[in-house]
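Trainee: If you scroll down you'll find the structure; I have some questions about it.
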Amino acid sequence: GKFEALTYEFKVAQSEKFKNKIFIPALLIGISAFLILQFKIGKTAIPSAVGIGGGSIIALIAASIILKPKVKDTTEDTAKLLMQIGASALLPQLLAALGAVFKEAGVGNVISISISSVVPTGNIFLGIIVYTIGMVLFTMIMGNAFAAFSVITAGIGIPFILKHGGNPAVIGALGMTAGYCGTLMTPMAANFNIVPASILEIKDKNGIIRTQIPMALILIFIHIVLMLLLFKVK
């Protein structure tokens, strides 16, 4: 498509005008979703997808109030952004679905059998380390922690940690965020690492990944320590 190019002067003027207010809608998505999910419909909990969707609508309204965009600009910029992102816009949904396919295909069982030949059953210390690193590596391969979570938790988390008394809430939450450490280090997470580089017109397409790697490695270590402490492994 052909779009009207914005001048550098206009971008700088808008930046000076709105400054950090531009981050308010993004923050509102998470905050609003969290607050919405605190309520129940009768005795039924509100589905997480509804919470995130509601949070997104609230953020959209807030963005409209803050920026006061023209309808023409909104439609054109939306189309421009979608074309810049391209097929990567569908990647998270496809990868999450792929994780479900892998689980049904028994990939988790294959991983469990392979790991059991190396890690003795009942060794929680090694189990937690392998689970954390497994989440990181599989997320790097899949490009999405949601896709990796079902497979690695079924293959490593349940037989090597949860069956020995691990807290499912703790292991599940930290397992997922351990996967996010892998997201920081892979080009397969295109919507996080490749698309921003394209939109921001960064010459080094892997520059974002290189910048994130040191923090990701630190966080992997922190995840292992937290799981061990919360599991009370000595």
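The values are calculated or read from the model by the stated rules, or taken from the named source; none is laboratory data. Since we're looking at a predicted model, the values are computed, not measured. Cβ: placed from backbone, ideal geometry, glycine included. Neighbour counts: every protein chain shown. To get the accessible areas, we keep the full protein, side chains included, count just its heavy atoms, and leave off ligands, DNA and RNA. Shrake-Rupley method; radii C 1.70, N 1.55, O 1.52, S 1.80 Å.
Trainee: Report, by residue number, each residue of the stretch 61-85 that is among the small types (Gly, Ala, Ser) and touching a helix residue (DSSP H, G or I) at 6+ places or on another chain (Cβ under 8 Å). Let's see the steps before the verdict.
Mentor: At the first step, the residues of the stretch 61-85 found to be among the small types (Gly, Ala, Ser) are 62-64, 79.
Selection gives 62, 63.
Trainee: Could you grab the pairs with beta carbons closer than 7 Å, sequence gap of 6+ or different chains, first residue in the stretch 66-77 and of a type in the set (D, E, K, R), second one in a helix (DSSP H, G or I) and at pLDDT 80 or above?
Mentor: Qualifying pairs under 7 Å: none.
Trainee: Looking at this structure, is residue 50 farther than 25 Å from residue 20 by Cβ, open to solvent by 70 Å² or more (accessible area, probe 1.4 Å), out of contact with any Cys (no Cβ under 9 Å at 6 or more places or on another chain) and free of Cβ contacts under 8 Å to residues at least 12 places away in the same chain? Quick ask: steps written out before the conclusion?
Mentor: Values: farther than 25 Å from residue 20 by Cβ: yes; open to solvent by 70 Å² or more (accessible area, probe 1.4 Å): yes; out of contact with any Cys (no Cβ under 9 Å at 6 or more places or on another chain): yes; free of Cβ contacts under 8 Å to residues at least 12 places away in the same chain: no.
Judged against the criteria, residue 50 is not a match.
Trainee: Also: If you go through the stretch 155-165, how many residues are open to solvent by 10 Å² or more (accessible area, probe 1.4 Å) and of a type in the set (Gly, Ala, Ser)?
Mentor: 1
Trainee: Note down all Cβ pairs under 8 Å where the first residue falls in the stretch 185-199 and is more than 21 Å from residue 217 (Cβ to Cβ), the second is at pLDDT 80 or above and in a loop (DSSP other than H, G, I, E, B), and they're at least six residues apart or on different chains.
Mentor: 190/143; 198/205
Trainee: Oh, and also: Quick one: in the stretch 212-234, which of the residues that are crowded, with 17+ Cβ neighbours inside 10 Å and among the β-branched types (Val, Ile, Thr) is farthest from residue 142 (Cα to Cα)?
Mentor: 224
Trainee: Right, residue 209: touching a helix residue (DSSP H, G or I) at 6+ places or on another chain (Cβ under 6 Å), surrounded by fewer than 23 Cβ atoms within 10 Å (Cβ to Cβ) and touching a residue at least 12 places away in the same chain (Cβ under 8 Å) or not?
Mentor: Details: touching a helix residue (DSSP H, G or I) at 6+ places or on another chain (Cβ under 6 Å): yes; surrounded by fewer than 23 Cβ atoms within 10 Å (Cβ to Cβ): yes; touching a residue at least 12 places away in the same chain (Cβ under 8 Å): yes.
Criteria met by residue 209.
Trainee: Among the listed residues 66, 152, 85, 113, identify the single one that is buried (at least 16 other Cβ atoms within 10 Å of the Cβ) and modelled with pLDDT of 80 or more. If you could, list the steps in order and put the result at the bottom.
Mentor: Values: 66 fails: buried (at least 16 other Cβ atoms within 10 Å of the Cβ); 85 fails: modelled with pLDDT of 80 or more; 113 fails: buried (at least 16 other Cβ atoms within 10 Å of the Cβ).
152 is the lone residue from the list that is buried (at least 16 other Cβ atoms within 10 Å of the Cβ) and modelled with pLDDT of 80 or more.
Trainee: Hey, could you check the stretch 116-134 for residues that are in contact with a helix residue (DSSP H, G or I) (Cβ under 8 Å, 6 or more places away or on another chain) and hydroxyl-bearing (Ser, Thr, Tyr) and say which is most open to solvent (accessible area, probe 1.4 Å)?
Mentor: Ranking the qualifying residues of the stretch 116-134, first place goes to 121.
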